[in-house]
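Undergrad: Dumping the structure here so I can ask a few things about it.
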Amino acid sequence: MAKHTPRRRPAKEEAADSTGGPPPPVPSAKPAGAGEAAAAPVMPPEAPPAAPAHSLLLAAPAAPPGPPREAASAPPMPKAAPLPAGELAELERAATANAGAEAAARQEQAAPIAAGVSTGEPVAAAAPAPESVRSAPPVPHDQFLRPGIPRMSVVMLSPELAPVAKIGGLADVVAGLSRELELRGHGVEILLPKYDCLRWHHIQGLTPSYHDLWVPWYGGAIHTTVYQGTVHGRRCFFFEPHSNDRYFDRGRVYGESDDLLRFAFFCRAALEFLFKTGRQPDIIHCHDWQTALAPVLLYEVYEPLGLRHPRVCFTIHNFKHQGTGGDGVLRATGLNRPEHFFSRDRLGAGAPGVLNLMKGGIVYSNFVNTVSPTYAGEAKDRGGAFGLEGTLRAHERKYGGILNGLDHEVFNPETDPDLAARYTIATLERKYDNKRALRQRLLLADNAKPIVAYVGRLDPQKGLDLVRHAIFYCINHGAQFVLLGSGAEPGIDRHFRAIKQQINENPDSHLEIGYDETLAPLIYAGADLLIVPSRFEPCGLTQLIAMRYGTIPVVRAVGGLADTVFDKDYSEKPLHERNGYVFHHGDIGGLESALSRAIACYYQFPDHFRQLMRNAMRCDYSWNVPAQHYLNVYDFIRDK
Ligand code: ADP
């Protein structure tokens, strides 16, 4: 059971609950806000055969790098743009840090983004990708290795892995992609820190596998033990350093003042482990800035020592967090040579004395991608890379966007153990047992209203001002609202706790401030609508999970949201491929224009709403297609 504050409900509402209550007023569709076109609802057609959703995903990464290792030679680059400097008012300030991207996105909304939505074409591709990358057909799961792509060994370096160390979508992506690669016959090993806050019960057979790894550090070495264990069938190695710094014994994954050193140590330890154990994987797949130093260390330190075979694919899950700091990292890792690494065409961030680890990952990797084609374009061309736009442009031949997939085994309403009732498209009415269960669990009134939900980190990136507005809008417009979220900043949590207090007695809302891995599935299954009003969104998994559970997403058309959600009324997609509600302007008018249409459809056109649910559930956002894109990239950069 979720921990939640039990509430007293007003006597009147208790009575209404027991009788089912009077039907709520039926809101009429709000006229579209400024800039939001108005149109009558469209009747979706009868269920077609499975929607060809993979066609949406065949957006290819941009052209590959030149000869493998080209990146590591750190070619001269055009000057990179300087890095930008640094309770709800603060959220706003943080959001405006990305104002350039916002303004550009607004200007673009009618053209490139809309074009991307309607055609599924990549926005990011700067040059045509090779045929093998662009249009390779998806591989059936039972076919194992695709002709032409031999069995590859892949080492994933990641700060997160679902469900043992999950903060956000990155954890799900590493787990889902690894599983899909293994299903196809490739070998995968996942390396991650042995945090003291790992969810231990998800790890089987944890045993020391390499007792005495001495990791070079500040001219000496830190004694490290590497543990091996299995997480949902995946082979994992966990790194435990024995030093007074206690790098991974902090009770949390991120947010420490020495994060830069903690993860620099992880990179050095991972490469030392590969080297000492004689592993020569084909691919080292690095995720986010925390692992960005690995390709730098590989080229600058370990390749001369003999680790010549592996090539690096670097996936950026969010440009907002880049890992910047001073030269301490160079001294700690033994890279030294500040005059070499502070150069603007390597890790130099522009400001004197500042290193940017993500930039190093981009420069030194053989292929770089973000997690959706639209976000790849927003980052490189529309000011969304938080200062790394110039670096991306300089390396655009090895840069692209690959949409994240969803692990259909994990996120499956037919088998999910956390649901009150399991269901499929054919038994969709059982979804409402979950709605009832959700209401019971959160002490919500059992009435005829739709449940609108938000699940996610409470981060300014997510459009928290609009989330907040949606809470009150829903309560006042015939809907219930459920929020599950937690933030890294205590001020933001406090702000939402205050709202929770304010509406505590309202039987149509519940805010759960915290992380709850069993409540989240019940919300995805029990809600009718899920809002994702992000300022920017690299890919977004919550809208994909919602659709898998037949819950209709209401999203802002940015990043991966624009690549995966197609408006019921305005999309140029065929009717059977429309799966949600989309707005463009990141303001109250934009949000209300979509939310009001969604709520009105729920009340006034229940058949249409039901059809929309089926359309959403039919979408194939599994790993099937994205994994093939990654395999094509791996095959292209590997040492042949
Ligand atoms: P991000 O990576 O930016 O956090 P995504 O949408 O890509 O966002 O992924 C979020 C993932 O984390 C989803 O699987 C979502 O269900 C999960 N999640 C986020 N917040 C919570 C929470 N408070 N409790 C449980 N799961 C959460």
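Residue-by-condition table, conditions (1) open to solvent by 40 Å² or more (accessible area, probe 1.4 Å); (2) farther than 22 Å from Ala171 by Cα; (3) of a type outside the set (Ser, Thr, Tyr):
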| site | (1), (2), (3) |
| --- | --- |
| Ile471 | no, yes, yes |
| Gln501 | yes, yes, yes |
| Asp508 | no, yes, yes |
| Tyr515 | yes, no, no |
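Undergrad: Restricting to the stretch 497-519, give me the number of residues that are assigned to a helix (DSSP H, G or I) and within 11 Å of the ligand (Cβ to nearest atom).
TA: Quick first cut of the stretch 497-519, residues assigned to a helix (DSSP H, G or I) only: 497-502, 519.
Subsequent filtering for residues that are within 11 Å of the ligand (Cβ to nearest atom) retains 519.
Qualifying residue count, the stretch 497-519: 1.
Undergrad: Within the set of pairs 6 or more residues apart or between chains, which connect a residue that is aromatic (Phe, Trp, Tyr) inside the stretch 387-404 to a residue that is within 16 Å of the ligand (Cβ to nearest atom) and modelled with pLDDT of 95 or more with Cβ atoms less than 8 Å apart?
TA: Between residues of the stretch 387-404 that are aromatic (Phe, Trp, Tyr) and residues that are within 16 Å of the ligand (Cβ to nearest atom) and modelled with pLDDT of 95 or more, the close pairs are Tyr399/Asn369; Tyr399/Ala376.
Undergrad: Right, here's the next one. Looking only at the stretch 400-433, how many residues end up being open to solvent by 60 Å² or more (accessible area, probe 1.4 Å), of a type outside the set (Asp, Glu) and assigned to a loop (DSSP other than H, G, I, E, B)?
TA: 6
Undergrad: Now for a different question. Ala453 - would you say it is in contact with a strand residue (DSSP E or B) (Cβ under 8 Å, 6 or more places away or on another chain), open to solvent by less than 10 Å² (accessible area, probe 1.4 Å) and either within 16 Å of the ligand (Cβ to nearest atom) or among the aromatic types (Phe, Trp, Tyr) (or both)?
TA: Here the answer is yes, as Ala453 does meet what is asked.
Undergrad: Continuing with this model, one more query. Please go through the stretch 575-594 and pick out each residue that is farther than 13 Å from Gln611 by Cβ and either of a type in the set (D, E, K, R) or more than 24 Å from the chain's Cα centre (by Cα) (or both). Talk me through it step by step, then tell me what you get.
TA: Of the residues in the stretch 575-594, the ones farther than 13 Å from Gln611 by Cβ are 581-594.
Across the stretch 575-594, the qualifying residues are Asp587, Ile588, Gly589, Glu592, Ser593.
Undergrad: Is it fair to say Gly463 is at positive phi and open to solvent by less than 10 Å² (accessible area, probe 1.4 Å)?
TA: Values: at positive phi: yes; open to solvent by less than 10 Å² (accessible area, probe 1.4 Å): yes.
So Gly463 fits the description; yes.
Undergrad: Same structure, new question: With open to solvent by 10 Å² or more (accessible area, probe 1.4 Å), farther than 18 Å from His309 by Cα and within 16 Å of the ligand (Cβ to nearest atom) as the only criterion, which of Gly185, Gly169, Gly176 stands out?
TA: On the way: Gly185 fails: within 16 Å of the ligand (Cβ to nearest atom); Gly176 fails: open to solvent by 10 Å² or more (accessible area, probe 1.4 Å).
The conditions single out Gly169.
Undergrad: Oh, and also: Out of the residues in the stretch 467-491 that are of a type in the set (A, V, I, L, M) and more than 11 Å from the ligand (Cβ to nearest atom), state the one that is farthest from Gly255 (Cα to Cα).
TA: Keep residues of the stretch 467-491 that are of a type in the set (A, V, I, L, M), which gives 467, 470-471, 475, 479, 482-484, 488.
Then drop every residue that is not more than 11 Å from the ligand (Cβ to nearest atom), which leaves 467, 470-471, 475, 479, 482.
On the way: Val467: 24, Ala470: 29, Ile471: 28, Ile475: 34, Ala479: 36, Val482: 27 Å.
It comes out as Ala479.
Undergrad: Here's a follow-up. If I ask for residues that are more than 9 Å from the ligand (Cβ to nearest atom), small (Gly, Ala, Ser) and assigned to a loop (DSSP other than H, G, I, E, B), which ones from the stretch 523-561 would you list?
TA: Ala527, Gly550, Ala557
Undergrad: Consider Leu298 carefully, then state whether it is touching an Asp or Glu at 6+ places or on another chain (Cβ under 8 Å), surrounded by 18 or more Cβ atoms within 10 Å (Cβ to Cβ) and among the aliphatic types (A, V, I, L, M).
TA: Values: touching an Asp or Glu at 6+ places or on another chain (Cβ under 8 Å): no; surrounded by 18 or more Cβ atoms within 10 Å (Cβ to Cβ): yes; among the aliphatic types (A, V, I, L, M): yes.
In short, no.
So that you can scan it fast, the table gives a plain yes or no per residue for (1) at pLDDT below 95; (2) within 25 Å of Asp407 (Cβ to Cβ); (3) open to solvent by 20 Å² or more (accessible area, probe 1.4 Å):
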position	(1), (2), (3)
His585	no, no, yes
Leu591	no, no, no
Ala594	no, no, no
Ala598	no, no, no
Tyr602	no, no, yes
Phe605	no, no, yes
Ser622	no, yes, no
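Undergrad: For Pro626, all conditions in the list (1) part of a helix (DSSP H, G or I); (2) touching a Pro at 6+ places or on another chain (Cβ under 9 Å); (3) buried (at least 24 other Cβ atoms within 10 Å of the Cβ) hold save one; what is the number of the exception?
TA: (2)
Undergrad: To continue, here is another question. Hey, could you check the stretch 344-390 for residues that are β-branched (Val, Ile, Thr) and closer than 23 Å to Asp259 by Cβ and say which is nearest to the chain's Cα centre (by Cα)? Spell out how you get there, then give the answer.
TA: Of the residues in the stretch 344-390, the ones β-branched (Val, Ile, Thr) are 354, 362-363, 368, 370-371, 374.
Going one step further and asking which of them are closer than 23 Å to Asp259 by Cβ, we end up with 354, 362-363, 368, 370-371.
Values: Val354: 27, Ile362: 19, Val363: 23, Val368: 16, Thr370: 10, Val371: 8 Å.
Among those residues, the one meeting the criterion is Val371.
Residues are listed down the side, and each one gets a yes or a no for (1) assigned to a helix (DSSP H, G or I); (2) within 16 Å of the ligand (Cβ to nearest atom); (3) β-branched (Val, Ile, Thr); (4) under 30 Å from Ser257 (Cβ atoms):
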residue: Lys435; (1), (2), (3), (4): yes, no, no, no
residue: Asp465; (1), (2), (3), (4): yes, no, no, yes
residue: Asp493; (1), (2), (3), (4): yes, yes, no, yes
residue: Pro521; (1), (2), (3), (4): yes, yes, no, no
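Undergrad: Given the structure, is Gly491 open to solvent by less than 20 Å² (accessible area, probe 1.4 Å), among the small types (Gly, Ala, Ser) and over 19 Å from Val452 (Cβ atoms)?
TA: Values: open to solvent by less than 20 Å² (accessible area, probe 1.4 Å): yes; among the small types (Gly, Ala, Ser): yes; over 19 Å from Val452 (Cβ atoms): yes.
The answer is yes for Gly491.
Undergrad: Continuing with the same structure: Residue by residue through the stretch 188-203, note down the ones that are away from the ligand (no atom under 16 Å from the Cβ), farther than 18 Å from Val312 by Cα and either within 20 Å of the chain's Cα centre (by Cα) or not in a helix (DSSP H, G or I) (or both). Write out each step before concluding.
TA: Step one: list which residues in the stretch 188-203 are away from the ligand (no atom under 16 Å from the Cβ), which gives 188-196, 198, 200-201, 203.
Still in the list and also farther than 18 Å from Val312 by Cα: 193-196, 198, 200-201, 203.
Hits for the stretch 188-203 are Pro193, Lys194, Tyr195, Asp196, Leu198, Ile203.
The values are calculated or read from the model by the stated rules, or taken from the named source; none is laboratory data. Quick caveat, the model's predicted, so the values are computed rather than measured. Methodologically, a virtual Cβ is constructed for each residue, glycine included, from the backbone with ideal geometry; neighbour enumeration extends over all protein chains shown. Accessible surface areas use protein heavy atoms only, side chains included; no ligands, DNA or RNA. Shrake-Rupley method; radii C 1.70, N 1.55, O 1.52, S 1.80 Å.
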